[in-house]
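> Before anything else, here's the structure in question.
The values are calculated or read from the model by the stated rules, or taken from the named source; none is laboratory data. Computed from a predicted model, the values in this text were never measured in an experiment. Cβ placement follows ideal geometry from the backbone for every residue including glycine, while neighbour counts extend to all protein chains displayed. Calculation scope for accessible area: heavy atoms of the full protein, side chains included, ligands and nucleic acids excluded. Shrake-Rupley method; radii C 1.70, N 1.55, O 1.52, S 1.80 Å.
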Amino acid sequence: MVQVKNICCIGAGYVGGPTCTVIAQMCPEVMVTVVDINEERIRAWNSDQLPIYEPGLQEVVDGCRGKNLFFSTNINEAIKKADIIFISVNTPTKTFGLGKGRAADLKYVEACARQITDVADGYKIVVEKSTVPVRAAEIIRRIFKTSTKPNLSFQVLSNPEFLAEGTAIENLKNPDRILIGGDETPAGQKAIAALSEVYEHWVPKSKIITTNTWSSELSKLAANAFLAQRISSINSISALCEVTGADVGEVAHAIGTDQRIGRPFLQASIGFGGSCFQKDILNLIYICETLSLHEVALYWQQVLDINEYQRRRFASRIVNCLFNTVADKKIALLGFAFKKDTGDTRESSSIYVCKYLMDEGAHLAIYDPKVKREQIIRDLSHSAISGDNPERVSELVTITPEPYAACENTHALVICTEWDLFKNLDYERIYGKMLKPAFIFDGRRVLDDLHKRLQQIGFQVETIGKKVNPVASLVSRAASKPEEQDPTPPKKVKM
């Protein structure tokens, strides 16, 4: 059995940082070093202002940093000392060349493999932690085999992460499963056992699943594809609910009580975001296309198409309700992160809703409790969002430090992230500062329990997957006061 004393993680992002922080906490006898070429990021990890927000992360870092948890830019030294090396670098979708818009770009994984080959000596277990396409481990192996060092030997494992941002620390401490893939040779099984022993410090052995490398890699892509599929499925039903009078919340509850289906990921919304779902499905589609599985590729493409349809449909509904134009109208947008309890904006549906509204000439006042102003401006100025006119962001977008300021003198309030604080805002105060008629568009259904109250205040409420009918008291009150109605007969208008 390999005795693991030192672990190195290359990549101090959303995966590598939290994962190795928890390993350090659970394995106090193991020295854990997280390295990155980004000096600013490493400085942040060594400060009280961590580069990412994750509930519970700061407390774990504070308890381990400087003891058996270290953050450094000295990648070579960490590689030399390590028994296990995690590769947790970014694997974005390619933006040019073969596989553009579909395939994963493995240039950072390849660069890590080459650096490890150049620097390392002795026996190393190298672990894919980044989400990679099937058979990516073979690329790493081929690079390692180019080494001519007589005392250097490697084993490559796949150990994909199954974290949900916002609950990552809880997911790491109480995982549904730990998946480790490796060679079915004695050497491969020895490496799997060494990594398993690390996790067995706090994870029951029954939850550690071992497979061959390729099954492990594909399981990660398949898991994210299935989760995204459920979201697109319920979102497709939400469109049907809005035109039939059904309530998608009630439909989701009814079908979710079926044990064969279950409740998770049946919350209708403006669509999924984050770094994984879209990227992994695109990767899956590309693999299917290259293997001539065109029908399979088309099937998974529809999951992404429905997601885009839901975003565009929501933005169109805002425009239609605001009398078919939002040009020069101010709209408050609450929430910019792709989900609550994170500052991550990658592929956030908020970005695309902003794009469609800016395309119509709307002025946006944006508030998010965890996303920095610079990040919002950077996302909205991207060429995919603003084309060759990034200057429009400075003209149309204002970032506010608190939600009430965002809502002043607006025609509509749009909720794009399900932050809990949005349930407890003083909506009477907000209504008093808005232009009339005042609209609320709830893209995350966080205000479902407040609809009657909001209507009594005076809001017109629009939400996903449901027609919000006027409350009976308001209808009867309007009907009982005919003297207040304008007696002037309507003019005939030529259509």
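> Determine the shape class of segment 6-203: with a ≥ b ≥ c the square roots of the Cα gyration tensor eigenvalues, call it rounded for a/c under 1.5, and otherwise prolate if a/b is greater than b/c, oblate otherwise. Could you put the intermediate results ahead of the total?
Numbers: a/c = 1.40, a/b = 1.23, b/c = 1.14.
Rounded is the answer for segment 6-203, as its axis ratio a/c remains below 1.5.
> Here is a follow-up. As I understand it, the value is the acute angle between the Cα axis of helix 213-244 and the longest principal axis of the Cα atoms of the chain; what does it come to in degrees, rounded to 10?
Computed tilt is about 10 degrees.
> Please work out the Cα center distance from segment 332-362 to segment 386-457, rounded to the nearest Å.
12 Å
> Shifting gears a bit: Ranked from highest to lowest mean number of other Cβ atoms within 10 Å per residue, what is the order of the peptides 202-213, 328-339?
Working: 202-213: 14.8, 328-339: 24.0.
Taking the mean over residues of other Cβ atoms within 10 Å, the ranking is 328-339, 202-213.
> Sort 91-99, 431-439, 125-133 for me by packing, meaning the mean count of neighbouring Cβ atoms within 10 Å per residue, highest on top. Working shown, then result.
Numbers: 91-99: 13.8, 431-439: 16.0, 125-133: 23.4.
Ranking, from highest mean packing down: 125-133, 431-439, 91-99.
> Okay, next question. Please report the antiparallel percentage of the DSSP beta bridges confined to the chain, to the nearest 5.
Working: 3 of 52 bridges.
Antiparallel bridges: around 5 percent, rounded to the nearest 5.
> Carbon and sulfur: what percent of segment 1-141's accessible surface (1.4 Å probe)? Write out the running numbers ahead of the final one.
Numbers: 3030 of 6070 Å².
Summing carbon and sulfur atoms, their accessible area is 50 percent of the total for segment 1-141.
> Going by alpha carbons, how many degrees (0 to 90, nearest 10) lie between the helix axis of 294-321 and the longest principal axis of the chain?
40 degrees
> Within the set of other residues whose C-beta is less than 14 Å from the C-beta of residue 47, count the net charge using Lys and Arg as +1 and Asp and Glu as -1.
On the way: positive: 41, 43, 65; negative: 39, 40, 48, 62.
Taking every Cβ under 14 Å from that of residue 47, the sum is -1.
> Quick one: length gained pulling residue 421 to residue 449 fully straight, 0.36 nm per residue minus the C-alpha distance?
Values: separation 28, 0.36 × 28 = 10.08 nm, distance 1.42 nm.
Result: 8.7 nm gained on full extension.
> Need the list of aspartates and glutamates near residue 466 for cross-linking: C-alpha distance under 15 angstrom, and skip anything on the same chain fewer than eight residues off.
Counting by Cα, and skipping residues close in sequence, residue 466 has these aspartates and glutamates nearby: 242, 247, 250, 442, 448, 449.
> Turning to a different aspect of this structure: With each label point set 7 Å from Cα along the Cα-Cβ vector, what nm distance links residue 43 and residue 255?
Spacing of the two 7 Å Cα→Cβ label points: 5.0 nm.
> In the chain, with Lys and Arg counted as +1 and Asp and Glu as -1 at Cβ, which of these residues, 465, 403, 195, has the Cα nearest the positive end of the dipole, that is, farthest along it?
Toward the positive end, the furthest listed residue is 465.
> If I take all pairs of Cα atoms in the chain, what percentage of them are more than 40 Å from each other?
Working: 36465 of 122265 pairs.
It works out to 30 percent of all Cα pairs.
> Another question about this same structure. Among 32, 119, 79, pick out the residue whose Cα is farthest towards the positive end of the charge dipole of segment 6-203, where Lys and Arg carry +1 and Asp and Glu carry -1 on C-beta, about the Cα centre.
So the residue furthest toward the plus end is 119.
> Also: Could you please report the charge total around residue 82, scoring K, R as +1 and D, E as -1 over all other residues with beta-carbon less than 13 angstrom from its beta-carbon?
Details: positive: 5, 80, 81, 124; negative: 77, 83, 121.
Result for the neighbourhood of residue 82: +1.
> Using only the alpha-carbon atoms, what does segment 205-332 span along each of its principal axes? Please give whole angstrom values in decreasing order.
Principal axes ranked by extent give 58, 36, 29 Å for the Cα atoms.
> Per residue, how large is the accessible surface of segment 306-463? Use a 1.4 angstrom probe and give square angstrom. Spell out each step's value before the answer.
On the way: 6600 Å² over 158 residues.
Per residue, segment 306-463 has 42 Å² of solvent-accessible surface.
> To continue, here is another question. Treating cross-link reach as a plain straight distance, find the lysines whose alpha-carbon is under 20 Å from the alpha-carbon of residue 436, omitting any fewer than eight places away in the same chain.
329, 330, 452
> Given a 1.4 angstrom probe, I'd like the percentage of the accessible area of segment 195-285 that is carbon and sulfur, rounded to a whole number. Before the final figure, lay out each step's value.
On the way: 2370 of 4000 Å².
Answer for segment 195-285 is 59 percent, counting heavy atoms of protein chains only.
> Return the carbon/sulfur percentage of the accessible area of segment 413-461, one whole number, probe 1.4 Å, all protein chains in place. Walk me through the numbers on the way to the answer.
Numbers: 910 of 2110 Å².
Carbon and sulfur together cover 43 percent of it.
> Right, something else. What pairs from 124/145; 107/355; 207/339; 67/372; 124/149; 149/190 go past 24 Å between their alpha carbons? Write out the running numbers ahead of the final one.
Details: 124/145 13 Å; 107/355 30 Å; 207/339 28 Å; 67/372 31 Å; 124/149 13 Å; 149/190 22 Å.
Exceeds cut-off: 107/355; 207/339; 67/372.
> Then there's this: Lys and Arg at +1, Asp and Glu at -1: add these up for the other residues within a Cβ distance under 10 Å of residue 10 and post the number. Numbers along the way, then the final one.
Details: positive: 129; negative: 36.
Neighbourhood net charge equals 0.
> Using a 1.4 Å probe, what is the accessible area per residue for segment 89-226, in Å²? Please report the intermediate quantities before stating the final value.
Values: 6280 Å² over 138 residues.
Value for segment 89-226: 46 Å² per residue.
> Moving on to the next point. Dipole of the chain, Cα-centred, from +1 at each Lys and Arg C-beta and -1 at each Asp and Glu C-beta, to the nearest 20 debye?
On the way: 59 positive and 59 negative charges, 108 e Å.
With Lys and Arg at +1 and Asp and Glu at -1, about 520 debye.
> Same structure, new question: Would you calculate a helix-derived [θ] at 222 nm for the chain, using -39,500 (n - 2.57) for each DSSP H run of n ≥ 4 and dividing by the full residue count, to the nearest 500?
Values: 20 runs with 215 residues, N = 495.
Result for the chain, helices only: -13000 deg cm²/dmol.
> Would you calculate the separation in nanometres between label points at residue 436 and residue 177, each defined as 7 Å from the Cα along the Cα-to-beta-carbon direction?
5.8 nm
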